[in-house]
1. Note down all Cβ pairs under 8 Å where the first residue falls in region 141-160 and is at positive phi, the second is open to solvent by 60 Å² or more (accessible area, probe 1.4 Å) and in a loop (DSSP other than H, G, I, E, B), and they're at least six residues apart or on different chains.
2. Can you tell me how many residues within region 196-237 are more than 23 Å from the chain's Cα centre (by Cα) and of a type in the set (V, I, T)?
3. Looking at (1) touching a Gly at 6+ places or on another chain (Cβ under 9 Å); (2) under 21 Å from R265 (Cβ atoms), which is the one condition that is false for T52?
4. Check I154, I163 and return the single one that is under 23 Å from P14 (Cβ atoms), in contact with a strand residue (DSSP E or B) (Cβ under 9 Å, 6 or more places away or on another chain), at pLDDT 90 or above and open to solvent by less than 10 Å² (accessible area, probe 1.4 Å).
5. Collect the residues in region 133-145 that are modelled with pLDDT of 90 or more and either open to solvent by less than 50 Å² (accessible area, probe 1.4 Å) or under 27 Å from E74 (Cα atoms) (or both), keeping them in residue-number order.
6. Do the conditions hold for I195, that is, is it touching a strand residue (DSSP E or B) at 6+ places or on another chain (Cβ under 6 Å), in contact (Cβ under 8 Å) with a residue 12 or more places away in the chain and surrounded by 17 or more Cβ atoms within 10 Å (Cβ to Cβ)?
7. Cβ-Cβ below 6 Å, separation at least six or inter-chain, first residue in region 281-299 and among the β-branched types (V, I, T), second assigned to a strand (DSSP E or B): which pairs?
8. Return yes when K332 is open to solvent by 40 Å² or more (accessible area, probe 1.4 Å), of a type in the set (K, R) and closer than 25 Å to I8 by Cβ and no when it is not.
Amino acid sequence: MASGDGLIVRIRPPGGKLTPVQAMAIAQAALRHGNGIIELSARANLQLRGVTLASHPHLITDLRAEGLIDPDIETESLRNLIVSPFRSGLRSPALSHEGQGGESRIADAASPDDLAAVLTAALARMPRLPGKFGLALDPGPRPVLTEASADIRIERSADGRLILRADGYPLGQPVTDLAADAIAMAEWFVASGGIAGGRGRMAALIGRGAVPPNCDTAPADPLPRPGPGLFPDGALMALAFGQIRAETLLALAALGHEIRPTPWRSLMLAGATRLPDIPGLIADPTDPLLRVTACTGAPGCPQALGETRALARSLAALVPDGRHLHVSGCAKGCAHPGPADLTLVAAVGGHDLIVQGTASGTPRLRGLAAADIPEHLKAPHAPYL
C-alpha cells in the first residue's frame, strides 16, 4: 500500500509467531529495503515502511527465503488468523473425536500450534469471505483477544470446554470438529446474508438479529488487556504507538527467543524469564505512553491533516491512569477504531476534541490549537478524564 513515506508492506507471521532467524531477516530487510521502521498492526501483523518500487522485489526475495511469503495473494489473504501469545500450560483439545453414542469427547492432544495449523487450513476451505473476515484462536482458560478484530472466535467455556463463538453473540457452540465447525459457521454467515457488496462482518450480522445455530454455551469471563511484564509464557514488551526500529528488533532476535506479535501492539518473547533492557521497548505497565494511541499522521499518511505522535507524546503524562487518549490524523481513526475516553482529530484549522467517542464522532470542541490542548486535559477543566 502506498503512503506518504513510500510503500507499506504487510507480513502475516505464520501461526502468529516468528523464529529468531525470521525476526532477524525482517529487521535486516527493513534496513536494506525500507526506512527501518516496523509497525505492529491491531491484527498482530507486521508492517514495513519506506519500501520503494525498486526495493520491493528484493525485499520479497529476502523474506521468501525465510518462509515469510505466501505463494500468491489468494493464499496470503486466507491466512487471516490471530493467535493468542499465551500458549504454555494450555490444555488444548483434540481437533476432533467422536465418542460412543455420537457424543463429542474432548481429548488433551493438540497444541495451540496444531490448532492454528488446522484453522489456517480450514480458512482455505471456507466459502469466499470478505477481505477483513478473520478468526481468533484464544484457547486459554480465559479469553484475552476479545478486543481484537475477528469474526469467529475459538475460546474456552467456564468449565474448560473449547467453544466456537460468532463475534457479537454472547454464547458459543462446543467444538466437536474444529475445522468442520469453523467452516459451518462461515457458511452460515454467508447464507444468512452477512455479505453485501463484497463486504460484511459477523458482528454486524448479529447486530441485525441473526442467531447462530447450536450456540448455548457461555465463554469464560475475559481477562483485561495484558500490559508489559513477565508471564508464564515469557516476557511481554510493549511498543510506543506499535512501532519498533529494525535495530531494536535485531537486538530482540539476538536473544534467541521465539517472538509472538500481539494485537495489543506488543511482543511476547516466549520462554524469557526476565525483561530485556533494550532501548525502544516499554517494560513498565504504568508508562504514560501506554495510555495514548496515535496513527502515523502527517506526513507519513497522505490522508492525515496533521502530525500525531509528537503531540501524543507531549500529552501522555496528562492522561490519568486507567484513561485513554486517541490522537488521529483524520476522522477515519485507523489506529483506534473503537471509542476512547478522549479523541483528538486533526482538522483544518486545528484539532477537534471528542469525548467518549470515535474519531468520526461529534466534537465537543473544534479548532483547538496544539498549544492550547494541554489546558483542556488538566483538571478541573477536563471532567471527561
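1. G160/R91; G160/P141
2. Selection size over region 196-237: 2.
3. Only one criterion in (1) touching a Gly at 6+ places or on another chain (Cβ under 9 Å); (2) under 21 Å from R265 (Cβ atoms) is unmet by T52, namely (2).
4. I154
5. Answer for region 133-145, where residues must be modelled with pLDDT of 90 or more and either open to solvent by less than 50 Å² (accessible area, probe 1.4 Å) or under 27 Å from E74 (Cα atoms) (or both): F133, G134, L135, A136, L137, D138, P139, P143, V144, L145.
6. Criteria not met by I195.
7. Pairs that qualify, where the first residue is among the β-branched types (V, I, T) and the partner is assigned to a strand (DSSP E or B), are I282/A238; V292/L325; T293/H326.
8. yes
The values are calculated or read from the model by the stated rules, or taken from the named source; none is laboratory data. Note that the coordinates shown come from a computational prediction; the quantities given were computed from them, not determined experimentally. Please note: Cβ atoms are built from the backbone with ideal geometry, for glycine as well, and neighbour counts cover all protein chains shown. We work out accessible area using only protein heavy atoms, side chains counted, and drop any ligands, DNA or RNA first. Shrake-Rupley method; radii C 1.70, N 1.55, O 1.52, S 1.80 Å.
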